[in-house]
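Worksheet: the structure to be examined is printed underneath.
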Amino acid sequence: SNARDLFSLKIKGSFLYHLPDLLHLNTDDLADIFGISRAKYYRLLKENQLDIAIVDVLAAFLKLWNKGLIAFDGNDESFRTWLNAPNHNIGDIEPLQLMKTETGRREVEAALDRIEYSVYG
């Protein structure tokens, strides 16, 4: 396995089709997380291969989502409630809003670390 294999990794746009239902997020939120319009999100569903930049954001987002589920002991309802509630420890912003930028995702990751290690969240 070499570096070229990474660049030939093909993820079909149809992978995105089930994300809203799986994550209980609407397509507007997902489009915002990917930094694209809703129309572009729907166009991606038909793509044979997702752009590497989209795959990169998708991987970072799913890694963070998984970390959130771990921090909330697998309780996705509690995690989703936390994601959508203004959080004092991150400037009274909803964590989901912060997940729309790389810097914001780092803030959310740090907050999840605090929850996971019972510091505060």
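The values are calculated or read from the model by the stated rules, or taken from the named source; none is laboratory data. Everything numeric here is computed off the predicted structure, so don't read it as measured data. Cβ atoms come from the backbone with ideal geometry, glycine included; neighbour counts cover every protein chain shown. Areas reflect the complete protein model, heavy atoms only, side chains present, ligands, DNA and RNA absent. Shrake-Rupley method; radii C 1.70, N 1.55, O 1.52, S 1.80 Å.
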Once fully extended, how much extra length lies between A39 and I52, figured as 0.36 nm per residue of separation less the alpha-carbon to alpha-carbon distance?
2.8 nm
Where the chain is the region considered: accessible area per residue in Å², 1.4 Å probe:
62 Å²
Under 5 Å from the placed amide H of I93, counting only residues 5+ away or on other chains, we find N87
Which whole-number value in Å³ per residue fits the convex hull of the alpha carbons of the chain?
115 Å³
Residues of region 12-28 with backbone N under 12 Å of the label point set 7 Å from the Cα of E94 along Cα→Cβ are 25-28
Which Cα, out of L112, P86, Q97, lies furthest along the positive dipole direction of the chain (beta carbon charges, K/R +1, D/E -1)?
Q97
Extension gain from N84 to S14, taking 0.36 nm per residue of separation minus the Cα-Cα distance
22.6 nm
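Based on DSSP H assignment, which helices of the chain show an axial Cα extent of at least 27 Å together with a mean Kyte-Doolittle hydropathy greater than or equal to 1.0?
Numbers: long enough: 52-71 (28 Å, 1.55).
Sorted by number, the helices that extend far enough and score high enough are 52-71.
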Calculate what fraction, in whole %, of the accessible area of the chain sits on carbon and sulfur atoms when a 1.4 Å probe is rolled over the protein chains.
52 percent
Normalising by the residue count of the chain, find the relative contact order in percent from Cα pairs under 8 Å and 6+ residues apart.
20 percent
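With charges only on Cβ, +1 for K and R and -1 for D and E, what is the dipole size of the chain about its Cα centre, in debye, rounded to 20? Write out the running numbers ahead of the final one.
Details: 14 positive and 18 negative charges, 109 e Å.
Using Cβ point charges on Lys, Arg, Asp and Glu, the chain gives about 520 debye.
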